[in-house]
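Below is one structure; the comments refer to it alone.
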Amino acid sequence: MKYFPVFLDGSKISAMVVGGGDVAARKIELLLKTTTNIVIMTASVTEGVERLINQHQLTWLKHNYKAGLLDGITLVIAATDNKTVNESIYHEAVKFNILANVVDQPALCTYITPAIIDRSPMIIALSSSGSAPILIRMLREQIEKILPQGYGRLAEFSLKFRDHVKARIKGIRNRRTFWENTLRGSIGQSLLDGKQQEAEQQLIVSLKEKVAPPKGEIVFIQTLTGNPDNLTLNAHRALQFADAVFYDEAVNIELIEYVRRDAEKYPQSISSTILLNYQHALELAQQGQQVIYLLAGNEELPSNAALIASGINTKIIISGS
């Protein structure tokens with residue numbers, strides 16, 4: 001990746017925008033979604049910028065850019081139409097390790113602003129690393145169409161009851177299944193419909209029901225050609241619920257990107273065509289973990305007496321051709 005994706009805590013941002021035109025106005029409006037700790041440095045402003053300054057009581061330094069005024073600033077945006085001034089702002093910011101963005105000049109940026117889909121507190125950020133803004137705009141339009149505005153309520157609801165669910169339901173996989181069923185089912189629909197109290201009552205009832213301890217499972221995913229685009233829905237879902245993943249060097253490493261981020265990864269130095277690490281996979285499954293064994297190709301699995309005797313559930317998924 002050319003750019004490291006990161007979200008900044010708005011309460012920790014101290015921003016400066018240099019410039020007072022329409023471009024500056026757009027940058028200020030974006031910053032105002034997270035913070036009002038914004039300093040504007042410019043001799044003159046448009047009516048729109050002045051309105052934002054007055055409405056949100058922003059600090060306005062009524063002069064053009066001057067060096068030496070970035071003390072306490074954590075993020076600076078250069079939005080002037082003077083190339084020399086913009087370069088000076090960038091170099092001063094870099095000198096003091098301040099995040100810098102010069103509008104429409106990626107070479108003079110230590111960060112870039114992605115396309116944003118705001119369903120607060122849920123935020124989706126999209127970027128092509130500056131290479132294809134039109135493609136990102138098209139993708140954003142597609143996501144906007146399928147993402148209801150009420151998704152923010154789902155996120156707030158999840159946060160409110162997260163500790164309650166964690167205390168009641170043991171095991172990461174069980175909790176993931178519980179939340180998936182909750183948010184996709186009638187409770188989630190009630191939230192999208194604005195029926196918060198009804199959704200909360202339903203959740204409280206569901207938490208009182210007896211929850212079985214997590215059951216371990218070993219899922220063998222035969223990846224055939226290894227093309228990630230050919231992952232089936234079942235394979236993708238299994239990877240997202242994995243607690244542990246085994247794979248050898250013959251497996252396309254790009255497939256690991258589809259595995260749940262906090263799952264344990266166990267790369268195997270011995271080819272699975274020679275030896276499958278049944279023992280380790282079985283030990284983890286007996287602890288209640290969801291174990292995935294990625295396999296290149298589509299060869300028949302050798303039988304294993306210990307696995308059969310254990311009673312651990314196993315499954316084979318063909319990921320696609």
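The values are calculated or read from the model by the stated rules, or taken from the named source; none is laboratory data. Keep in mind the model is a prediction, meaning the values are calculated, not measured. Using ideal geometry, Cβ is built from the backbone for each residue, glycine included, and neighbour counts are taken over all protein chains shown. Heads up: the accessible areas ignore ligands, DNA and RNA and are worked out on the full protein's heavy atoms, side chains in. Shrake-Rupley method; radii C 1.70, N 1.55, O 1.52, S 1.80 Å.
Worth a mention:
- Any hit, region 55-64, residues being hydroxyl-bearing (Ser, Thr, Tyr) and open to solvent by less than 60 Å² (accessible area, probe 1.4 Å): no
- Sole residue being crowded, with 17+ Cβ neighbours inside 10 Å and over 23 Å from the mean Cα position of the chain (by Cα), chosen from Ile172, Ile187: Ile187
- Yes/no for Ile77 being touching a residue at least 24 places away in the same chain (Cβ under 8 Å), in a strand (DSSP E or B), surrounded by fewer than 19 Cβ atoms within 10 Å (Cβ to Cβ) and out of contact with any Pro (no Cβ under 7 Å at 6 or more places or on another chain): no
- Just one of (1) open to solvent by less than 50 Å² (accessible area, probe 1.4 Å); (2) of a type outside the set (A, V, I, L, M, F, W, C); (3) at pLDDT below 95 fails for Lys2. It is (1).
- Checking each residue in region 80-108 for being in contact with a helix residue (DSSP H, G or I) (Cβ under 9 Å, 6 or more places away or on another chain) and open to solvent by less than 20 Å² (accessible area, probe 1.4 Å) picks out Asn86, Ile89, Ile98, Ala100, Asn101, Val102.
- Of the residues screened, Ile270 is not one that is part of a helix (DSSP H, G or I), more than 32 Å from the chain's Cα centre (by Cα), over 24 Å from Gly171 (Cβ atoms) and modelled with pLDDT under 95.
- Leu32 falls short on exactly one of the conditions (1) within 22 Å of Pro114 (Cα to Cα); (2) buried (at least 19 other Cβ atoms within 10 Å of the Cβ), and that condition is (2).
- Where a residue in region 186-197 is farther than 13 Å from Glu156 by Cβ and its partner, wherever it lies, is of a type outside the set (A, V, I, L, M), with Cβ under 6 Å and at least six apart: Ile187/Gln202; Ser190/Glu198
- Highlighted here would be helices (runs of 4 or more DSSP H) found entirely within region 165-234 that include at least 2 residues which are aliphatic (A, V, I, L, M) and touching a strand residue (DSSP E or B) at 6+ places or on another chain (Cβ under 7 Å), but there are none.
- Options Ala250, Ala306, Ala242: the member that is more than 18 Å from Thr223 (Cα to Cα) and not in a strand (DSSP E or B): Ala306
- Contact map, region 301-317: residues that are open to solvent by 80 Å² or more (accessible area, probe 1.4 Å) paired with residues that are assigned to a strand (DSSP E or B), Cβ distance under 6 Å, separation 6+ or inter-chain. Pairs shown: Asn313/Glu217; Lys315/Val219; Ile316/Phe220.
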